[in-house]
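These notes concern the structure reproduced below.
The values are calculated or read from the model by the stated rules, or taken from the named source; none is laboratory data. All values derive from a computational prediction rather than experimental measurement. Virtual Cβ from ideal backbone geometry, glycine too; neighbours counted across all protein chains shown. Heads up: the accessible areas ignore ligands, DNA and RNA and are worked out on the full protein's heavy atoms, side chains in. Shrake-Rupley method; radii C 1.70, N 1.55, O 1.52, S 1.80 Å.
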Amino acid sequence: YFLGRVNADGTPDPSFAPFDSMGSNVTCISVQSDGKILAGGYFKRIGGQSRGYISRLQSDGNLDAAFSASADSVVYTLAVQPDGRILAGGAFTNLNGQTRKFMGRFEGDGILDTNFNPVLDGAVGSITLQSDGAMIIGGSFSNVNGQAATRLCRLNPDGSRDTNFVGTVDGSVWTVAVQADGKILVGGGFTTLDGQDQAQLRRLNADGS
């Protein structure tokens, strides 16, 4: 239930997910370079075992019991950095028992990265990595690290805000993708972008304009 895998032709892969159930909705999936599968969502149990809105599975769908990450509310987005650390965004305010306002980072084993702590005032719905290690984040927030940032922002690799990024939208951003040329696709519930009528799906230049 709630998570499955299909073969290349679209038929179900019966060898995947031997556990009974994810327990509730899965909102995001990210596959690591070693084939392990990160999942986030509304679930709090997997196959009868307690899990806090985030978990990792082996490539065959079995639970990776060694992965220790947890959140106190829904995880909407996950992104794996080239160094193996894991970025998480959502509606949570706590990760692994420590305060994290809607975004945080884990080490590869699920231990919380205590050196990364951006503070937002609303949910993060999308995290997309750029080639230089910076992160484009979207969501329902209006403030990042004490500075105005209206639902779309770029963070430096250390979690500080990139003040040169200028994109602003009037509604929630739930998906972001970076093209090979550096331009940024943005989708969500907005009707204006940088003050211009731009409904639901638009593209930005690399600087956010």
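Observations
- Between the listed residues Met22, Asn7, Ala148, the Cα displaced farthest toward the positive end of the dipole of segment 1-159, a dipole computed from Cβ unit charges relative to the Cα centre, is found at Ala148.
- Contact order, relative form, for segment 1-119: 17 percent (alpha carbon pairs under 8 Å, 6 or more residues apart, mean separation divided by residue count).
- Think of a 1.4 Å ball rolled over the protein heavy atoms: the chain then has 45 Å² of accessible area per residue.
- For segment 141-147, 3J(HN,Hα) computed residue by residue from phi via the Karplus equation (6.51, -1.76, 1.60; θ = phi - 60°) reads 6, 10, 8, 10, 6, x, 10 Hz, glycine and proline entered as x.
- Taking the chain and dividing mean pair separation by its residue count, relative contact order in percent (alpha carbons under 8 Å, at least six apart): 10 percent
- Segment Leu185..Thr114, full-extension length gain: 22.5 nm, with 0.36 nm per residue of separation and the alpha-carbon distance subtracted.
- Accessible surface of segment 49-206 [probe 1.4 Å, protein heavy atoms]: carbon and sulfur percent: 44 percent
- Each other residue within a Cβ distance under 15 Å of Asp64 adds +1 if Lys or Arg and -1 if Asp or Glu, for a net charge of -1.
- Where (1) 168; (2) 122; (3) 186 are the candidate values, the label of the one calculated here for volume of the Cα convex hull per residue in Å³ is (2).
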